Amino acid sequence: MKFEQAWLDYTGKVFCDGADEISYIHLEIQEKEQDEVIKNSVKELQNAFAGLTGHKLTLHEEGLSGGDEAAYTAADAGAGLHKIRLVLQKGMPAESYRLYTEENGITIEASDSRGILYGAFDLIRQVKTGNSIKDLDRTKSPVMPMRMLNHWDNMDGSIERGYSGESFFFENNTILVNDRTDTYARLAASVGINAVVINNVNVKDAATWLITERYLDKVKELSDVLAGYGIQMYMSLNYAAPVELGELDSADPLSEDVRGWWKRRMEFVFRKVPNLGGFLIKADSEGRPGPFTYGRTHADGANMLAEAAAPYGGNIIWRCFVYNCQQDWRDYKTDRARSGYDNFQGLDGKFLDNVVLQIKNGPMDFQVREPVHPLFGGLKQTNQILEVQIAQEYTGQQRHLCYLIPMFQEILKFRTYIKEENDTVEDIVSGRTFRQHNCGMAAVANTGNDVNWTGHDMAAANLYGFGRLAFEPELSAEEIAREWIFMTFGKDSQIEETLLFMLMSSWPAYEKYTSPLGIGWMVNPNYHYGPSVDGYEYSRWGTYHRADHMGIGVDRSHEGTGYALLYNEPNASVYDDKRRCPDELLLFFHHIPYTWMLRSGKTVIQHIYDTHFEGVEMVDEMIERFMKLQDKMDKVKYRRIVERFMEQKENAEEWRDQINAYFYRKSGISDEKGRDIY
Ligand code: GCW
């Protein structure tokens, strides 16, 4: 299947002051240190410059190539920039680089090959976004040590919560390694991704066999391609593998047989696949097996695997998405939001060093608005990864535009008060708070084998943005959006302004026309697209809004489930008090009458009506502005985006009308502006 290059399209010349002058690459790196990553950096620079400036850069290797020394020296003596020097310079932090302009060229300096690669992509970014390269001096060091993508790809080729076609890693229970793999690795590396989990956390069927002879040759091949771009490959693991592979009848983490089995298995796997980073595990969650079956804790389970993987430098990433998915909706005491905290907080300090807990951004499940997960700020002695979802499962499934970087930024900036300073989520997962190295961010990926990778062309901004944010969280969401726009559509001020407006309005718009004030859900069960106010109300999933004729919301205060008190002060008191709780989370924390006056000065019911009308108006405005780009933009992309927007508009209106009708019928209170409510 054919595919495009997304933001790495190097066709079409750009205007970049200085770029035209460059004629060669000077590789000042000894041959024995020239790994695949260095070679790929050179190749990338050559391809990018050839496409963007029309100059084929020759490669000059000191004391090596048959290159004409005299010609290079003569070139350097002339005025202007001539070369790009790649230099390994000991002493810089891992993965960092310095990119600077000298008298007659550009230098990329780093202490490892990943740093060189990131510097090369940064230089390409400068050129493609039209920044002058005549005066560069940038030193960059990735803030998050682990910058991961988690693919929920199944080996039959389907993708759980995939909205961009089928898997490009698997097809018919085989592993694919082809051109797409290479381009995927380039796209990921270009935004600083350094780890990728290739298969779904729900490990079933053939995927259980990924750690066996049947697949390991191909696993190695794939891991090598990724490693060539500085990406460590991970796999999701079936906790009950020894049982499901038919070798043992138990997966008890304290059994010597089981522990021995895993030691042998890890040795076998890591010997075959030396580039493997380790494993991601979803255990005791939504029907997946785990240590609970044997009366053991998550620490027992994770540590058993970690011990077996440690000799090979392997990491065990253990998910905290553990809750009772067999709840009775009549039960007001059990609170799904509490479960992650209740299951893991008591285990703080009990995990081995190569175990990392992966925690979703919120306590429920990637809703358009949730409070920050209370385990951030609840754990002090445990490595943590923040898990976000760029696959837009609950945010419009890549049929709606929903640029999520502003949301992720809010989460990163959230103060947990676990310490007096360096206490934000960003501080914690970047390792600053507790001086950790095994930590970072992971995103559930939004890619598939669609021609444009992400279904909605503009959903690529989330893929691009996630990587950029994990590398440099100090960038603003606007800056990241702008970069992506320039990289993808070239530098045109009308395109820039329009797309920036659309991206930046999209999350607020989506929040407005869907479920109100932090309550979440209200989607169609199972497939999670489109409105269904009571879709999850009488289900077993622990996802209720508790609306009646008087009010709506879940009481998670000290009088209710007590969830609000899981936060450190002052967050706990703020959330616990309906007068101080931020409006956007009010219904998450409290059951509130429709007539309650919000801090915004509107009643809850009027807020619901107003936001639902506004949300749709925002979509209309995005469409109106976008339509003006018809003659400016690539026709194919333009048409694809318009199609998505037509569906978004229709679906947003459906959301507005169903939500408004529902609350009008429940409350009997009319819209004070007298608009149509059905
Ligand atoms: O959001 C829910 C999804 C499941 C997913 C699960 C998880 C992979 O609906 O499809 O399973 O979360 O994160 O494990």
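The values are calculated or read from the model by the stated rules, or taken from the named source; none is laboratory data. Note that the structure is a prediction, hence the values are computed from the model and not measured. Cβ sites come from the backbone with ideal geometry, for glycine too, and all protein chains shown count toward neighbours. Ligands, DNA and RNA are stripped out before the accessible areas are found, and what is left, the full protein with its side chains, is counted by its heavy atoms. Shrake-Rupley method; radii C 1.70, N 1.55, O 1.52, S 1.80 Å.
For residues that are more than 16 Å from the ligand (Cβ to nearest atom) and open to solvent by less than 10 Å² (accessible area, probe 1.4 Å), scanning just the range 313-345, find the one that is farthest from Met233 (Cα to Cα).
Ile316
Look through the range 90-110, keep the residues that are touching a Gly at 6+ places or on another chain (Cβ under 9 Å) and part of a loop (DSSP other than H, G, I, E, B), and return whichever of them is surrounded by the most Cβ atoms within 10 Å (Cβ to Cβ).
Step by step, filter the range 90-110, then rank; the result is Glu95.
Being part of a loop (DSSP other than H, G, I, E, B) and surrounded by 18 or more Cβ atoms within 10 Å (Cβ to Cβ) is true for just one of Leu586, Leu629. Which residue is that?
That would be Leu629, the only listed residue that is part of a loop (DSSP other than H, G, I, E, B) and surrounded by 18 or more Cβ atoms within 10 Å (Cβ to Cβ).
Take Glu497 and tell me if it is assigned to a loop (DSSP other than H, G, I, E, B), among the charged types (D, E, K, R) and surrounded by fewer than 20 Cβ atoms within 10 Å (Cβ to Cβ).
no
Between residues in the range 340-363 that are of a type in the set (Ser, Thr, Tyr) and residues that are surrounded by 19 or more Cβ atoms within 10 Å (Cβ to Cβ) and outside any loop (DSSP other than H, G, I, E, B), which pairs lie under 8 Å by C-beta distance while being six or more apart or on different chains?
Between residues of the range 340-363 that are of a type in the set (Ser, Thr, Tyr) and residues that are surrounded by 19 or more Cβ atoms within 10 Å (Cβ to Cβ) and outside any loop (DSSP other than H, G, I, E, B), the close pairs are Tyr341/Leu566.
Just for the range 313-349: of the residues that are among the polar types (S, T, N, Q) and part of a helix (DSSP H, G or I), which one is farthest from Ala547 (Cα to Cα)?
Gln345
Would you say Arg482 is away from the ligand (no atom under 16 Å from the Cβ), within 24 Å of the chain's Cα centre (by Cα), of a type in the set (Lys, Arg) and open to solvent by less than 20 Å² (accessible area, probe 1.4 Å)?
No, not satisfied.
Assess whether Ser515 counts as being at pLDDT 95 or above, within 16 Å of the ligand (Cβ to nearest atom), surrounded by 18 or more Cβ atoms within 10 Å (Cβ to Cβ) and over 30 Å from Ala306 (Cα atoms).
yes
Among the residues of the range 427-465, write down those that are surrounded by 24 or more Cβ atoms within 10 Å (Cβ to Cβ), away from the ligand (no atom under 16 Å from the Cβ) and under 21 Å from Pro371 (Cβ atoms).
Those that are surrounded by 24 or more Cβ atoms within 10 Å (Cβ to Cβ), away from the ligand (no atom under 16 Å from the Cβ) and under 21 Å from Pro371 (Cβ atoms): Ile428, Val429.
Each row is one residue, and each column tells you yes or no for (1) in contact (Cβ under 8 Å) with a residue 60 or more places away in the chain; (2) among the acidic types (Asp, Glu).
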| residue | (1), (2) |
| --- | --- |
| Asp457 | yes, yes |
| Glu472 | yes, yes |
| Glu478 | no, yes |
| Ala481 | yes, no |
| Ile485 | no, no |
| Lys491 | yes, no |
| Thr498 | yes, no |
| Tyr510 | yes, no |
| Tyr529 | yes, no |
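Could you please let me know if Met618 is of a type outside the set (S, T, N, Q), buried (at least 16 other Cβ atoms within 10 Å of the Cβ) and out of contact with any Asp or Glu (no Cβ under 9 Å at 6 or more places or on another chain)?
It is true that Met618 is of a type outside the set (S, T, N, Q), buried (at least 16 other Cβ atoms within 10 Å of the Cβ) and out of contact with any Asp or Glu (no Cβ under 9 Å at 6 or more places or on another chain).
Report every pair of residues separated by at least 6 positions or lying on different chains whose Cβ atoms are under 6 Å apart, first residue within the range 291-318 and of a type in the set (S, T, N, Q), second at pLDDT 95 or above and not in a strand (DSSP E or B).
If the second residue must be at pLDDT 95 or above and not in a strand (DSSP E or B), the pairs left are Asn303/Leu352; Asn315/Asn354.
Go through (1) crowded, with 20+ Cβ neighbours inside 10 Å; (2) within 16 Å of the ligand (Cβ to nearest atom) and name the single condition Ala299 misses.
With respect to (1) crowded, with 20+ Cβ neighbours inside 10 Å; (2) within 16 Å of the ligand (Cβ to nearest atom), Ala299 is out only on (2).
Looking only at the range 358-398, which residues are more than 16 Å from the chain's Cα centre (by Cα), hydrophobic (A, V, I, L, M, F, W, C) and within 14 Å of the ligand (Cβ to nearest atom)?
Met364
Return the total of residues in the range 111-149 being of a type in the set (Gly, Ala, Ser) and either at pLDDT below 95 or part of a loop (DSSP other than H, G, I, E, B) (or both).
The total comes to 4.
Here are the criteria: (1) open to solvent by 60 Å² or more (accessible area, probe 1.4 Å); (2) farther than 18 Å from Met155 by Cβ. Tell me which single one Met266 does not satisfy.
In the conditions (1) open to solvent by 60 Å² or more (accessible area, probe 1.4 Å); (2) farther than 18 Å from Met155 by Cβ, Met266 misses (1) alone.
Do we find that Asp252 is away from the ligand (no atom under 16 Å from the Cβ), open to solvent by 20 Å² or more (accessible area, probe 1.4 Å) and under 24 Å from Leu463 (Cα atoms) in this structure?
Criteria not met by Asp252.
Output the number of residues of the range 139-156 satisfying the condition of being away from the ligand (no atom under 16 Å from the Cβ) and buried (at least 21 other Cβ atoms within 10 Å of the Cβ).
6
Would it be correct to say that Glu474 is part of a helix (DSSP H, G or I), charged (D, E, K, R), open to solvent by 20 Å² or more (accessible area, probe 1.4 Å) and more than 16 Å from the ligand (Cβ to nearest atom)?
Spelling it out, it is not the case that Glu474 is part of a helix (DSSP H, G or I), charged (D, E, K, R), open to solvent by 20 Å² or more (accessible area, probe 1.4 Å) and more than 16 Å from the ligand (Cβ to nearest atom).
Just name the residue that is least open to solvent (accessible area, probe 1.4 Å) out of those in the range 157-173 that are within 15 Å of the ligand (Cβ to nearest atom) and more than 20 Å from Tyr464 (Cβ to Cβ).
Per the stated criteria, the residue is Ser167.
Among the residues that make up the range 3-21, is at least one of them among the β-branched types (Val, Ile, Thr) and either over 14 Å from Ile124 (Cβ atoms) or modelled with pLDDT of 95 or more (or both)?
no
Report yes if some residue within the range 271-281 is under 28 Å from Gly431 (Cβ atoms), more than 16 Å from the ligand (Cβ to nearest atom) and either open to solvent by 10 Å² or more (accessible area, probe 1.4 Å) or of a type in the set (S, T, N, Q) (or both); otherwise report no.
So far as the range 271-281 goes, yes, one or more of its residues are under 28 Å from Gly431 (Cβ atoms), more than 16 Å from the ligand (Cβ to nearest atom) and either open to solvent by 10 Å² or more (accessible area, probe 1.4 Å) or of a type in the set (S, T, N, Q) (or both).
Since Trp541 meets every condition but one in (1) open to solvent by less than 40 Å² (accessible area, probe 1.4 Å); (2) within 16 Å of the ligand (Cβ to nearest atom), which condition does it not meet?
The one condition Trp541 does not meet is (1).
Looking at this structure, is Leu216 among the aliphatic types (A, V, I, L, M) and either open to solvent by less than 10 Å² (accessible area, probe 1.4 Å) or touching a Gly at 6+ places or on another chain (Cβ under 9 Å) (or both)?
Spelling it out, Leu216 is indeed among the aliphatic types (A, V, I, L, M) and either open to solvent by less than 10 Å² (accessible area, probe 1.4 Å) or touching a Gly at 6+ places or on another chain (Cβ under 9 Å) (or both).
Just one of Asp35, Asp76, Asp9, Asp17 is under 18 Å from Val191 (Cα atoms), open to solvent by less than 80 Å² (accessible area, probe 1.4 Å) and among the charged types (D, E, K, R); which is it?
Criteria check complete, one pass: Asp9.
Which ones in the range 348-378 are out of contact with any Lys or Arg (no Cβ under 9 Å at 6 or more places or on another chain) and open to solvent by 20 Å² or more (accessible area, probe 1.4 Å)?
Once the filter is applied, which keeps residues that are out of contact with any Lys or Arg (no Cβ under 9 Å at 6 or more places or on another chain) and open to solvent by 20 Å² or more (accessible area, probe 1.4 Å), the range 348-378 yields Lys350, Phe351, Leu352, Asp353, Asn354, Arg369.
Which is surrounded by fewer than 16 Cβ atoms within 10 Å (Cβ to Cβ), within 16 Å of the ligand (Cβ to nearest atom) and not aromatic (Phe, Trp, Tyr), of Asp205, Asp135, Asp179?
Asp205
Taking only the range 523-558 into account, find how many residues are closer than 21 Å to Thr595 by Cα and either out of contact with any helix residue (DSSP H, G or I) (no Cβ under 8 Å at 6 or more places or on another chain) or assigned to a loop (DSSP other than H, G, I, E, B) (or both).
Within the range 523-558, residues that are closer than 21 Å to Thr595 by Cα and either out of contact with any helix residue (DSSP H, G or I) (no Cβ under 8 Å at 6 or more places or on another chain) or assigned to a loop (DSSP other than H, G, I, E, B) (or both) number 13.
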